[in-house]
Amino acid sequence: MSQPLQLKVILPEASVPPRTIQGIDVPAADGRLTVLAGHQPLIAALVPGMAIVTTPDGARENWRISAGALQMEGDTAILLVREATLVGERGG
């Protein structure tokens, strides 16, 4: 198992508690982007599409997200979007 990564999702009208994940794969402006713990710091523009969150037990969650940004700093990924809706899960 890879190192844990903290995910913070910031929405305009909701407070989402931080959670521990293995990684996240998002639709970036230049193509798909996957980040894991220890990734270099970055800020990436996101386009609407599916974000795939891998949980600590290896399950995958599919989230439909709006355009926004992903910031990676240390072992924390911050997802800044207007909308994020869970649309499906698959076991690991």
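Checked against the criterion of being assigned to a strand (DSSP E or B), surrounded by 14 or more Cβ atoms within 10 Å (Cβ to Cβ) and of a type outside the set (Lys, Arg), the candidates Ile10, Ile43 yield just one match: Ile10.
Filter segment 54-92 for residues that are surrounded by 14 or more Cβ atoms within 10 Å (Cβ to Cβ), under 14 Å from Leu5 (Cα atoms) and either in contact with a helix residue (DSSP H, G or I) (Cβ under 6 Å, 6 or more places away or on another chain) or of a type in the set (Val, Ile, Thr) (or both) and give the result. First the steps, then the outcome.
Here is the first cut: in segment 54-92, the residues surrounded by 14 or more Cβ atoms within 10 Å (Cβ to Cβ) are 54-56, 60-72, 75, 77-81, 83-84.
Pick out the ones that are also under 14 Å from Leu5 (Cα atoms) and you get 54-56, 70-72, 75, 77-79.
Selection gives Thr54, Thr55, Ile78.
Taking Ala51 as the residue in question, decide whether it is loosely packed, with under 14 Cβ neighbours inside 10 Å and either touching a Leu at 6+ places or on another chain (Cβ under 9 Å) or assigned to a loop (DSSP other than H, G, I, E, B) (or both). Steps first, answer last, please.
Numbers: loosely packed, with under 14 Cβ neighbours inside 10 Å: no; either touching a Leu at 6+ places or on another chain (Cβ under 9 Å) or assigned to a loop (DSSP other than H, G, I, E, B) (or both): yes.
Taking the combined requirement at face value, the residue does not satisfy it.
Go through segment 1-38 and give me each residue that's touching a residue at least 24 places away in the same chain (Cβ under 8 Å) and farther than 13 Å from Ile78 by Cα. Met1, Ser2, Gln3, Pro4, Pro12, Gln22, Pro27, Ala28, Leu33, Gly38 - these are the residues of segment 1-38 that are touching a residue at least 24 places away in the same chain (Cβ under 8 Å) and farther than 13 Å from Ile78 by Cα.
Computed from the coordinates by the stated procedures, all read-outs in this text should not be read as laboratory data. These numbers were taken from a predicted model, which means no experiment stands behind them. Cβ sites come from the backbone with ideal geometry, for glycine too, and all protein chains shown count toward neighbours.
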